[in-house]
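Take a look at the structure set out below.
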Amino acid sequence: MSKRAKKKTTKNPMQTAFTRFMLIVAFFVLWIGGIGARLVYLQINQHEVLRDKALNQRRDKTKEKQLRGTIYDRSDRALAMSLKVKTLYADPSEIEDVDAAATEIAKILKAKPSEIAAKIKDGKTNNKRFVVLAPKLDEETVQKINESLENKDLKKSDLPRFAGLHWKEEQKRSYPYNTLAAQVIGFSNAEDVGSAGIEQSQEQSLRGAVIKGWQDRDRLGRVYDESEEEQREPPKDVVLTISHSIQYKTEQALAEGVKKANAKSGMAIVMNPQTGEILAMANYPTFDPNRYNEFAAEFFTNRAVHDVYSPGSVFKLITYGSAINEGIINPNGEIDTTRGFIEVAGRRFNDPHATKVMGYDEAFAVSSNVAAIKTALSGGRENFYTYARKFGFGQPVGIELPAEANGIFRSPKSWYGDSLASMSIGYEISVSALQMTTAYATIANNGVRVQPHIIKEIRQDGKVLSSTEAQKVQVVTADTARYLKRMLREVVVKGTGKRAQLNGYTSAGKTGTAWKYNAKLKRVDSGKYVSSFIGMAPADNPSVVIAVVMDEPKGGARDGGQVAAPIFREIAEQILPELNVAPDANIRQDSFTAEEIPSEIEPAPTGKTEDAKNESEKPAKNEKSDKKSADSEKTKGLKETKKENKTPDKKGTKKTGAQAARLQRAFEALREQARNAADYSKADFMRRRLPFLLRANGASEPRSSQGKKLET
Amino acid sequence: MKKRNLPKKESREKIRREKDPIPWRYCLLTLICGVFLVGGFFVAARSHFASIDFGIKNSTLKKQLEDLEAEKRRLIWHKETALSPAEIKRAAKKLGLTEMTANNFQTFGSKIEEKKEKPLTVKNAPEKPKQLVEKTVDVKPVEKIGKNGVSKTEATTAKKEVREKSSTKAAK
């Protein structure tokens, strides 16, 4: 036993040390193994949960909406742009003394403390963390609030340094030019979604993308790391063809004209016939897109593309155009209108102007219904329909604006016996102002129809992504267009559109006055008109086509020549110098009186009232009243009945029809010679010679009421 | 018995010195490694905090850039508002300028005609042109001689003198 004990006591110390060492090693191995096992468990099994927990502590998820694209005019002036604004909100969970805070906030925001306190308390009870106190404030106001709510003792990384208050960045759409081109640009609503005009039609391009991302913040709330899930793209900008200056002048002239004529509304379009670019598109009354909430929805409508109306006499251009282009009529020839009326399918169309044999130029200048109807009848239905379609009627023009109207233009199969006659003078057809402008631009552009457009290009970060290329179609020959331009010129020189004569420039155009259709009466209302003038300048090589349409003028003057032509003149005289168009005439403009214009065209019949004069451009009324009611039922509101016009008193005329026609032809031939003379001196000579020749023919020199010479 | 395993007669100290020397190289190496390790930790910590610091600065700059861009937009907006035709018109009216309308708009031709007809006002009159012909001899205008052989100017001055003398006498 003792030996054994001795053996025990005499244990090898090295062995002991080794054993102890191994125990310690084992302990450490177990310890590290345990830690490792725990780590493996945490890192692998609990990875997602713990990672989310850690991220929640320091990471904020962000959702930023990029600024909406800018809308520019053709000279890069911003018509609509988005600005960064800030919304002041409260996090009720961070506010301890609600009443004290509310009093202080209310003092700064100039609001009632009780209201603010109620908002915060409501948020607190409903566990809301976002209570809006002041929405969409501009930077100046934000800075003022930050300064006023500064609490230096508070440790807070963001502004304002006031417990529980924060700023949220938002954007606000702004229109620096206020009402300028409001219907064209449109507006975007509170959610920054385009709701009208270009804002609506180009929503895809203009819309700012929503960028999702995250931000890591330290304990003081400072951002030390951030990233975005998607690549940030700059917003796309839309460049329009309109010029802010031309648009302003057009709007001013239109507003004045509408007020002067006491009209319900008005619209005007300025178009470049060569390129199809819309330089201005104005509507009156208008609205301010910055305060769109304050206006009724009817103000937002762009009537120039959305509304349709019976064009009246301006449509005669299509009638003559189709006949001349097909060689059905000779533009230098004459037409017999001596009867003063025409009967088509049992309907009688009277014409106070047409009581003689006259040239087509003159018939067009005095807006003769009989001449237009005869011309259309000689061409036939198919010819008329084909050309009207070629000019773009009954189909959308294809402009980049929302809610464009097709117009109403039925196929010949559904026409009535007198439909062709009615259509030839601009009834039984509905068009938009833009369609009509495009048709006139086709003639101005030597018969080539260029698709009108209002978007010039789309840009991104200054680079052009796409630009508009207009489609071109030859509708009538260049010769036909030249004849038609000459006819349009005659309207301004000696016809119904004398008020469209320009100072320094030659102009051409056509007046139109149509009765409006009354849906309640299911027929046209003789008290309501749509008066229009569509013209171009300079006459020989037009740089602009301007259309002016007035809805329901209620003053004494109601026809297109009296109401719309002066607006055309006002617009053209102001914009032509701006477009660097060289003056091609040197005329001192005389102011015509209302009585003077009809007398220049044709002496006013004795005892003719103002109303009767205004009716001069209207279609004749059907004499057969029983048939009229049947027709109105047939057309279901589209077909318009005509009011009978009194035939003029021939005794009251200054000259007989034949003599007047002869003199006009002589006058015309000399004018044409003067116009075609390449050498200025020759033209000047002709101009001087003309009065002498007229005197020799027994005619007096054309003079205005002031005794000044008229343009020759 | 012969003890085979007996060590040779060598001093213990010598043996110790040979077998257990102080491993300076290893110590140094360990120290260097330790220094590297600690240094590494320091560098890592420093770069970590620096990255955080740079991150904070970066986000601050980014925020500043965004603020500046927003400010630029605001300034553009102010410029556009100030340059809008309505504002220009208002400013022009304040300055007393009149609007160009069809009534006061004139063509080139008519302008030229008016210029010819309209006499120049004193304000607009140009300075007198320099005399092209230099005077070489003093020239006096020829005076007309009356019937009594006295020139007209001399006669008028004599008359004036007589009138002045008579008026002074009357006063006395």
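Ranking of A:HIS306, A:HIS244 by solvent-accessible surface, largest first: A:HIS306, A:HIS244 (1.4 Å probe, protein heavy atoms only, all chains present).
Convex hull volume of the C-alpha atoms in region A:132-268, normalised per residue: 176 Å³. Averaged per residue, region A:51-210 has 52 square angstrom of accessible surface, using a 1.4 angstrom probe with ligands and nucleic acids left out. When the other protein chains are added to the chain by itself, burial of at least 30 square angstrom of heavy-atom accessible area (probe 1.4 Å, ligands and nucleic acids ignored) affects these residues of region A:487-521: A:ASN503. Could you work out the pair-distance distribution P(r) of region A:83-173 from its alpha-carbon pairs, with 5 angstrom bin width and percents rounded to whole numbers? P(r) over region A:83-173, rounded to whole percents: 3, 15, 26, 27, 19, 9, 2, 0.
From the alpha carbon centroid of region A:534-552 to that of region A:406-460 is 15 Å. The B:LEU68 and B:LEU37 beta-carbon pair, evaluated with R₀ = 41 Å, returns a calculated FRET efficiency of approximately 0.35.
What's the whole-number percent of alpha carbon pairs in region A:411-491 lying beyond 17 angstrom? So the portion of pairs separated by more than 17 Å is 65 percent. Taking all protein chains together, A:MET536, A:MET14, A:MET22 sort by accessible area into A:MET14, A:MET22, A:MET536, largest first [probe 1.4 Å]. Computed from the Kirkwood radius of its Cα pairs, the Stokes-Einstein diffusion coefficient for region A:377-424 at 10 °C and 1.306 mPa s stands at 134 µm²/s.
Relative to its residue count, region A:236-349 spans a Cα convex hull of 235 Å³ per residue. Exceedance of the 31 Å cut-off in Cα-Cα distance is limited, within the set A:LYS86/B:LYS93; A:LYS124/A:LYS168; A:LYS65/A:LYS119, to A:LYS86/B:LYS93. Can you list the residues of region A:235-260 that have at least 30 square angstrom less accessible area with all protein chains present than in their chain by itself, probe 1.4 Å? Residues of region A:235-260 that lose at least 30 Å² of accessible area once the other chains are added: A:TYR248.
In region A:52-95, the residues that give up 30 Å² or more of accessible area when the other protein chains are added, compared with the chain on its own (1.4 Å probe), are A:ARG77, A:MET81, A:LEU83, A:LYS84.
Sorted on the mean count of surrounding Cβ atoms within 10 Å across their residues, most packed first, peptides A:269-278, A:206-215, A:24-33 read A:269-278, A:206-215, A:24-33.
The stretch between A:THR16 and A:ARG59 holds 10.0 nm of extra length on full extension. This uses 0.36 nm per residue minus the Cα-Cα distance.
The length gained on full extension between A:ALA470 and A:ASP218, counted as 0.36 nm times the residue separation minus their Cα-Cα distance, comes to 85.0 nm.
For the pair region A:295-356 / region A:160-200, the C-alpha centres are spaced 45 Å from each other. Ligands, DNA and RNA left out, the accessible area of region A:525-574 computed with a 1.4 Å probe is 40% carbon and sulfur.
Between B and A, roughly 2800 Å² of accessible area is buried in total, ligands, DNA and RNA not counted and the probe set to 1.4 Å.
Equivalent-ellipsoid semi-axes for region A:411-555 (Cα gyration tensor, √(5λ), whole Å, largest first): 29, 22, 18.
The values are calculated or read from the model by the stated rules, or taken from the named source; none is laboratory data. Fair warning: this is a prediction, and the values are worked out from it, not measured in the lab. Here Cβ is always computed from backbone atoms with ideal geometry, including for glycine, and neighbour counts include all displayed protein chains. These area figures cover heavy atoms from the full protein model, side chains too; ligands, DNA and RNA do not enter into them. Shrake-Rupley method; radii C 1.70, N 1.55, O 1.52, S 1.80 Å.
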